[in-house]
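> Take this structure, written in structure tokens, and hold onto it; I'll ask about it next.
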Amino acid sequence: MNKRDSEALASRLSSQGYLITDSEQSADVILINTCSVRDGAEQKALNKMRMLIGKSGQQPRKPLFGFLGCMAQAHGEKLLEEIPGLKLVLGTHCSHKLPEYLDMLLKGEREKIADCGEMDAPPVFLKDHSLLQEGSEFPLVSAFVNIMHGCDQHCTYCIVPETRGKEFSRPIADIVDECRSLAQNGVKEVTLLGQIVTSYGKRLISASPEGLSPFVQLLEEVEKIEGLERIRFTSPHPKGYGLDLVEAYSRLNKLCESAHIPLQSGSNRILKAMRRGYTTERFLEILSQLRSVRPSIGLVTDIIVGFPGETEEDFQETMNLVRTARFDNAFIFKYSPRQHTPATEMPEQVPMEIREERHARLLALVNEIAQEAYQHKVGETLDVLVEGLSRRNVNRLQGRSRCNKIVLFEGPSAWVGTIRKFRIVRAGQYSLYGEPIETEDN
Ligand code: 5AD
Ligand code: SF4
């Protein structure tokens with residue numbers, strides 16, 4: 001989500017005459033878009049900002065420094081006091097004001113600005129996209145599109161409802177227009193983004209006569225867009241994962257067989273304390289429903305270890321659930337206490353050494369299962385959307401399978417933006433190596 005916000009803001013600034021530079025030394029303005037979900041992310045952004053401001057002391061012309069995003073929202077004006085040299089703090093609800101504020105600061109009309117906006121007001125959705133991939137000459141192949149903002153769920157560990165505010169959804173027609181215009185500009189894949197996409201359209205759009213939820217109605221409309229080949233979305237909430245969404249996978253050809261469904265814990269006791277609103281049994285039922293409509297579906301999840309009160313038995317339940325679910329990947333996080341969230345007040349905070357130790361054990365298990373899942377793909381033929389150069393080896397290209405696995409191969413850069421068939425010959429850690437299959441389409 002932050003990546004999308006950064007891209008939209010950079011593109012908005014470009015359209016106003018700013019040039020994006022890849023060198024911190026040559027920049028006149030340096031903005032850091034921040035995340036608050038865990039303390040580690042905040043510390044990283046603060047350290048980076050302090051380091052940049054410190055270094056700029058020796059430069060003849062000092063750049064203008066600003067913080068955007070969730071940390072700016074959560075700490076506001078206080079950041080201006082704490083970090084001498086910082087000139088701009090712009091929260092999530094008013095990021096569209098960035099060009100206006102930069103103008104004032106650069107002209108010297110204002111010395112410092114902090115604005116965190118009105119959290120109850122509907123946000124302004126930025127529709128700007130850069131049609132070239134970041135830092136490259138390749139055209140944009142896969143785009144992120146925001147469909148909603150905020151979250152009303154208030155899981156007891158999560159700062160997002162505070163930093164992103166209440167849920168607001170964009171009308172279907174607006175989203176479809178944005179996706180259509182991307183497709184007309186050569187984009188082949190869209191990922192629909194929201195903190196909790198299964199709540200999309202709540203209070204704004206009613207269920208269809210056939211009982212389809214607003215989110216599935218949106219998927220159906222995006223499916224109809226000419227030129228668009230693939231649809232993905234992130235993140236759904238298990239609580240709102242209805243049968244209509246499961247069935248959408250069997251009906252909508254463009255909807256790729258991959259799903260990111262956050263589990264958070266494999267212990268019902270902990271799920272309750274997290275206020276997640278589902279049980280592990282229900283979670284596993286969703287996975288088996290999805291696998292029965294699309295057996296090759298790639299499943300990815302998020303898990304937090306060391307939530308307050310998590311015992312070794314609770315943790316073992318998470319390990320067991322991971323063994324049963326056999327995810328293709330899982331993002332594992334050490335619980336991080338966040339300001340104003342109920343979990344920080346809970347007794348029985350788990351010591352950091354235990355959080356770290358559980359993180360390592362779970363990660364080893366996830367990696368082992370994922371490796372088996374990747375190995376299992378060897379010998380299969382997959383449709384791959386070619387995205388650009390491999391990050392590690394510029395002599396290779398990389399793309400993604402429908403089940404959202406990175407596929408690496410050799411080929412001409414003219415393939416970027418096309419969907420081609422590859423036979424998988426080898427599996428790496430979280431990547432696959434393919435050889436092109438010559439077909440009429442290829
Ligand atoms: N501590 C650790 N992980 C967290 N997440 C959200 N809040 C916290 C927290 N306080 C994780 C959840 C979520 C992902 C984006 O970040 O797993 O799904
Ligand atoms: Fe945070 Fe997701 Fe829970 Fe919303 S549903 S409060 S974004 S973890």
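Computed from the coordinates by the stated procedures, all read-outs in this text should not be read as laboratory data. Please read all numbers here as calculations on a predicted model, not as lab measurements. Cβ sites come from the backbone with ideal geometry, for glycine too, and all protein chains shown count toward neighbours.
> Using modelled amide H (1.01 Å from N, peptide plane; none on Pro or chain starts), what sits under 5 Å from the amide H of VAL350, excluding residues fewer than 5 places away?
When sequence neighbours closer than 5 places are left aside, the close amide H contacts are GLY309.
> So which cysteines of the chain have no other cysteine's Cβ under 4.7 Å from theirs?
CYS35, CYS70, CYS94, CYS116, CYS151, CYS179, CYS256, CYS403
> If I build a Gaussian network model for the chain, linking alpha-carbon pairs within less than 10 angstrom, which residue out of GLY91, GLY108, GLY76 has the largest mean-square fluctuation?
Ranking GLY91, GLY108, GLY76 by mean-square fluctuation puts GLY108 first.
> Grab the eigenvalues of the alpha-carbon gyration tensor for region 279-358, scale each by 5, take roots, and send me the semi-axes largest first in whole angstrom.
28, 13, 12
> Report the label-to-label distance for GLU223 and VAL378 in nanometres (one decimal), using points 7 Å from each Cα along the Cα→Cβ vector.
My value for the distance between the label points is 3.6 nm.
> Moving on to the next point. Calculate, in nm to one decimal, what THR21 and ARG110 gain on full extension: separation in residues at 0.36 nm each, minus their alpha carbon distance.
29.6 nm
> Under 13 Å from the Cα of LYS87, which aspartates and glutamates turn up, not counting those fewer than eight places away in the same chain?
The qualifying aspartates and glutamates are ASP28, GLU77, ASP103, GLU109, GLU111, ASP115.
> Among MET319, MET148, MET104, determine the one that fluctuates most according to a GNM of the chain built with springs between C-alpha atoms less than 10 Å apart.
MET104
> Please list 3J(HN,Hα) in residue order for region 239-256, calculated via the Karplus relation 6.51 cos²θ - 1.76 cosθ + 1.60 where θ = phi - 60°; whole Hz, with x for glycine and proline.
4, x, 7, x, 4, 4, 6, 4, 5, 4, 5, 7, 8, 9, 5, 7, 6, 6
> Okay, moving on. With both partners inside region 381-436, how many of the DSSP beta bridges are antiparallel, as a percent to the nearest 5?
That works out to approximately 90 percent antiparallel.
> Just grab the label-to-label distance for ASN367 and GLN184, each label 7 Å out from Cα along the Cβ direction, in nm (one decimal).
Result: 4.8 nm between the two label points.
> On average over all directions, what projected area in square nanometres does region 6-64 have, based on the convex hull of its Cα atoms?
Mean projected area for region 6-64: 4.6 nm², to one decimal.
> To make sure I understand the rule: partners must be lysines, Cα under 19 Å from the Cα of LYS127, and not fewer than 8 residues away in the same chain. Which ones qualify?
Cross-link targets: LYS3, LYS97, LYS188.
> Within region 162-190, name every residue whose backbone N is under 15 Å away from a label modeled 7 Å from Cα of LEU131 along the Cβ vector.
178-188
> Mind giving me the FRET efficiency for ASP302 and ARG392? R0 is 25 Å, r the Cβ-Cβ distance, nearest 0.05 is fine.
Once rounded, the FRET efficiency stands at 0.50.
> Kindly provide the Kirkwood hydrodynamic radius of the chain in Å, to one decimal, from all pairs of distinct alpha carbon atoms.
23.5
> Suppose the chain between LYS55 and ILE30 were pulled fully straight at 0.36 nm per residue; how much longer would it get relative to their current alpha carbon spacing?
7.7 nm
> What fraction of the DSSP beta bridges in the chain is antiparallel, stated in percent and rounded to the nearest 5?
Within the chain, antiparallel bridges account for around 40 percent of the total.
> Then there is this: Which distance in nm do the two modelled labels at GLN349 and VAL425 give, with both placed 7 Å along the Cα-to-Cβ direction?
Distance between the two pseudo-spin positions: 5.3 nm.
> Compare GLY117, GLY40, GLY186 in a GNM of the chain, Cα atoms joined below 10 Å, and give the one with the largest fluctuation.
Largest GNM mean-square fluctuation: GLY40.
> Run lengths n ≥ 4 of DSSP H only: what is the helix-derived mean residue ellipticity at 222 nm for the chain, with -39500 (n - 2.57) per run over all residues, to the nearest 500?
Per the formula, -10500 deg cm²/dmol.
> Kindly provide log₁₀ I(q)/I(0) values, in the same order as q = 0.13 Å⁻¹, from the Debye equation applied to equal alpha-carbon scatterers of region 142-373.
At q = 0.13 Å⁻¹ the computed log10 ratios are -0.82.
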